[in-house]
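Below you'll find the structure, written out as structure tokens, and then a few comments.
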Amino acid sequence: MKYTKVVTKLPHPEDIKLLREINKYEANSMQGQIPVIWKRAKDFLVEDRHGNRFIDFTSGICVTNSGHGNIDIIKAIRKQIDIPLTYSYTFGTEIRYEFLKELVNTCYPKGKAFLVSSGTEATEVAIKLMRMYGLKQNPRKKVILSFEGAMHGRTMTAEKLKGEIKDNQWAEPWDCTFIKLPYPTSNSNFEVDLYKYYSKSLYDICGIIIESYQGWSASFLPINYVKQIIKKAKEYKWLVCFDEIQSGIGRTGKMWAWEHYNIKRPDLICFGKGISSSVPLSGVIGRKDILDTPDIGSMSSTHSANPICCATGLANLKYIKKHNLIEKAKNSGKIIIKALFELNLKGNGLAWAIHTDTVEEADKIVDECFKKGLLVVKTHKKSVKIVPPLTINEQALKEGLEILVQVIGEIK
């Protein structure tokens, strides 16, 4: 093997010991990952403290689209720190302007953006914008549609979109202004689903939020189903928001995953993760009239457009363009399909999930891959996620896939 190197027993006893120490000070909910202590990460490789080297098929969690420790991004961060300007609240800065201009011109020409720090904040912003915009038309226009099993974030309102009651009873998921529809299959009909789960006026719906692909399963909605949504939204003046926090910025072989549906540009797009390939940066981008709905000063954020984050985002977008990473992701996806075509595989570009019969089988695959020098995503569901950095070269991708196929063969 050229890229992986396993020289100790895995998991390493010292890593287990340190993870237990970390757990003394950190909430239990942060546990559950592959038991390894990262020492450094470069491009598509991760190293631990004991000389082991792993091919990374996780990108952290769909973050490092431009690769771990990208030198262009590091230079941009250092330059910003050395000015020095590391914080500015909502005061204007040159780097704020440069990033927003690049972001809007690249991702939503003639639109506007609102920047925050995490994906769940972006979701909250989108919900607020949809409701504020809807209430201007109709005092009852505040109902939001979403899909069961979606992952839009961990805060209370974001959890209301999810529909998995056993996990989020604390968030009162039965709130009647949030309607969860079953995730569609090839036989689903949107109008049938809508009338089955919602019996009030369709004019009271202000918007619908859709994961471009379902996070844990990498399953795309049927194209005809999405087109039925768009038709209904136009008829009843709903806003359409695509959650691209995990799937955006080239991950699926297109800038945005919603582009696979062959529809017109949505009203709002949530983004994050791959927008910086590193530091906390997220936001909502969309139509000017919607983004300008809140009054001046009524919607801001302490760390919105942080200068370091803006410098990072700008360098990241430029790197993705310069190195044609979106096309590279598309071509890499073809290699994955060829290697794993016999499996129950869903996804596109460099966003894939292998579906398994049980959660235990999926977890076993993750654990055994780790022992052979490959990191894949443990979803804690019936799937194994494959989401390498878009920078991964063909040889490393094939080496990782070889390990994955070997492990699945041994388990089966």
### Query
Given charges of +1 on the Cβ of Lys and Arg and -1 on the Cβ of Asp and Glu, with all other atoms neutral, how large is the dipole of the chain about its Cα centre, in debye to the nearest 20?
800 debye
### Task
Could you compute the FRET efficiency for Gln31 and Asp357, with r as their C-beta to C-beta distance and R0 at 30 Å, rounded to 0.05?
0.75
### Task
Putting +1 on Lys and Arg Cβ atoms and -1 on Asp and Glu Cβ atoms, find which of Pro307, His12, Asn23 reaches farthest to the positive end of the dipole of the chain.
Pro307
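List the relative contact order of region 1-84 as a percent without decimals, with contacts defined as Cα pairs under 8 Å and 6+ residues apart.
Working: 78 pairs, mean separation 23.7, N = 84.
Rounded, it is 28 percent for region 1-84.
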### Task
Count the DSSP beta bridges whose two residues both fall in the chain, then state the antiparallel fraction as a percent rounded to the nearest 5.
65 percent
### Query
How long are the three semi-axes of the equivalent ellipsoid of the chain, in whole Å, if each is the root of 5 times an eigenvalue of the C-alpha gyration tensor, listed from largest down?
34, 27, 20
## Note on the structure
In degrees, nearest 10, the alpha-carbon axis of helix 394-411 is tilted away from the dominant principal axis of the alpha carbons of the chain by 80 degrees
### Query
Of the peptides 199-205, 29-35, 344-350, 307-313, how do they stack up when ordered by the mean number of other Cβ atoms within 10 Å, highest first?
307-313, 344-350, 199-205, 29-35
### Summary
Output ordering of 50-59, 175-184 (per-residue mean of other Cβ within 10 Å, highest first) is 50-59, 175-184
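Using alpha-carbon pairs under 8 Å, 6+ residues apart, how would you state the relative contact order of region 205-259 in percent?
Normalised by residue count, the contact order of region 205-259 is 41 percent.
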### Summary
extent check for region 277-407: Cα max minus min per principal axis, descending, whole Å, gives 57, 34, 26
#### Entry: Unsatisfied cross-links (Cα-Cα over 22 Å) in the set Lys110/Lys162; Lys75/Lys101; Lys110/Lys254; Lys24/Lys372; Lys141/Lys196
Lys110/Lys162; Lys24/Lys372
### Listed residue pairs exceeding 22 Å between alpha carbons, taken from Lys227/Lys322; Lys234/Lys321; Lys334/Lys385
Lys227/Lys322; Lys234/Lys321
#### Entry: Length-normalised contact order for region 71-322 - Cα pairs under 8 Å, 6+ apart - percent
31 percent
### Message
Output the 0 to 90 degree angle, nearest 10, between the alpha-carbon long axis of helix 307-322 and the longest principal axis computed from the alpha carbons of the chain.
### Response
80 degrees
### Task
Sort all Cα-Cα distances of region 12-91 into consecutive 10 angstrom bins from zero, then give the percent of pairs in each bin up to the one containing the longest distance.
15, 32, 31, 20, 2
### Message
Apply the Karplus curve 6.51 cos²θ - 1.76 cosθ + 1.60, θ = phi - 60°, to the phi angles in region 36-43 and return the couplings in whole Hz, x for Gly and Pro.
### Response
9, 9, 6, 9, 8, 9, 9, 6
### Message
On C-alpha positions alone, give me the angle between the axis of helix 325-340 and the longest principal axis of the chain, in degrees, nearest 10.
### Response
60 degrees
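Within a Cβ distance under 15 Å of Ser66, other residues only, what is the Lys/Arg minus Asp/Glu net charge?
My count for the surroundings of Ser66 gives +3.
Since every read-out is calculated from the coordinates, none of them should be taken as a lab result. Not measured: the values here are computed from a predicted model. No Cβ is skipped: glycine too gets one built from the backbone with ideal geometry, and neighbour counts run over all protein chains shown.
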